[in-house]
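Peer 1: Pasting a structure here, questions to come.
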Amino acid sequence: ETVTQIKLESGTEYYAGRAQDAHIRLDQGKGISRQHLKLYERDGVWVCESLSKFTQIQRGGESLDVIELTDAAVFVVPPYEFHFE
């Protein structure tokens, strides 16, 4: 089930989490912070950064604090799966 679909615009930072004003609302899940993820563009490449002290981004079997989003990236912050196109 798709929770949210947004088009990322250059020059804008996006937040995902439980906060009422989050661009991507993540209502469910143990350990989801009010501002859990930050997505932003750096040198023409979109970046996803975990702001949580407890839950990292999971991609390709690794747990990471920061990932670059290239082409068609898929990553997980349990229980959510994110697709970047």
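The values are calculated or read from the model by the stated rules, or taken from the named source; none is laboratory data. If you're wondering where the values come from, they're calculated on a predicted model, not measured in any experiment. Glycine also receives a Cβ, built like all others from the backbone with ideal geometry; neighbour counts cover every protein chain displayed. Only protein heavy atoms, including side chains, enter the accessible area calculation; ligands, DNA and RNA are left aside. Shrake-Rupley method; radii C 1.70, N 1.55, O 1.52, S 1.80 Å.
Peer 1: Run the accessible area of the chain with a 1.4 Å probe and give the carbon-and-sulfur part as a rounded percent. List each step's numbers first, then the result.
Peer 2: Working: 2450 of 5810 Å².
Summing carbon and sulfur atoms, their accessible area is 42 percent of the total for the chain.
Peer 1: Under 1.5 on a/c is rounded, so check that first for segment 11-85, then, if it is not, pick prolate when a/b is larger than b/c and oblate when it is not; a ≥ b ≥ c are the square roots of the alpha carbon gyration tensor eigenvalues.
Peer 2: On the way: a/c = 1.73, a/b = 1.20, b/c = 1.44.
The shape class here is oblate.
Peer 1: Given the whole protein assembly as supplied and a 1.4 Å probe, what does the accessible area of E9 come to in Å², nearest 10?
Peer 2: That residue has around 110 Å² of solvent-accessible surface.
Peer 1: Can you classify segment 1-49 as rounded, prolate or oblate using the Cα gyration tensor, where a ≥ b ≥ c are the square roots of its eigenvalues, rounded means a/c under 1.5, and otherwise it's prolate if a/b beats b/c and oblate if not?
Peer 2: On the way: a/c = 2.26, a/b = 1.76, b/c = 1.28.
It comes out prolate by the Cα gyration axes.
Peer 1: Another one. Work out from phi, with θ = phi - 60° and the Karplus expression 6.51 cos²θ - 1.76 cosθ + 1.60, the ³J(HN,Hα) of each residue of segment 47-55, listed in order in whole Hz, and give x for Gly and Pro.
Peer 2: Here the 3J(HN,Hα) series is 10, 10, 10, 7, 9, 7, 7, 10, 10 Hz.
Peer 1: May I ask you to compute the full-extension gain from D21 to V66, defined as 0.36 nm times their residue separation minus their alpha-carbon distance, rounded to one decimal in nm? Mind dumping the intermediate values first?
Peer 2: Working: separation 45, 0.36 × 45 = 16.20 nm, distance 2.23 nm.
Full extension from D21 to V66 adds 14.0 nm.
Peer 1: Here's a follow-up. Using +1 at the C-beta of Lys and Arg and -1 at the C-beta of Asp and Glu, which of S33, Y14, V45 has the Cα lying farthest in the positive direction of the dipole of the chain?
Peer 2: Ranked along the dipole, the leading option is S33.
Peer 1: Mind ranking 69-82, 36-49 by how tightly packed they are, going by the mean number of other C-beta atoms within 10 angstrom, highest first? Walk me through the numbers on the way to the answer.
Peer 2: Numbers: 69-82: 13.7, 36-49: 15.6.
Descending packing order for the listed peptides: 36-49, 69-82.
Peer 1: Which whole-number value in Å² is the accessible area per residue of segment 1-82, probe 1.4 Å? Each step should come with its number before you reach the end.
Peer 2: Working: 5470 Å² over 82 residues.
With the other protein chains kept in place, segment 1-82 gives 67 Å² per residue.
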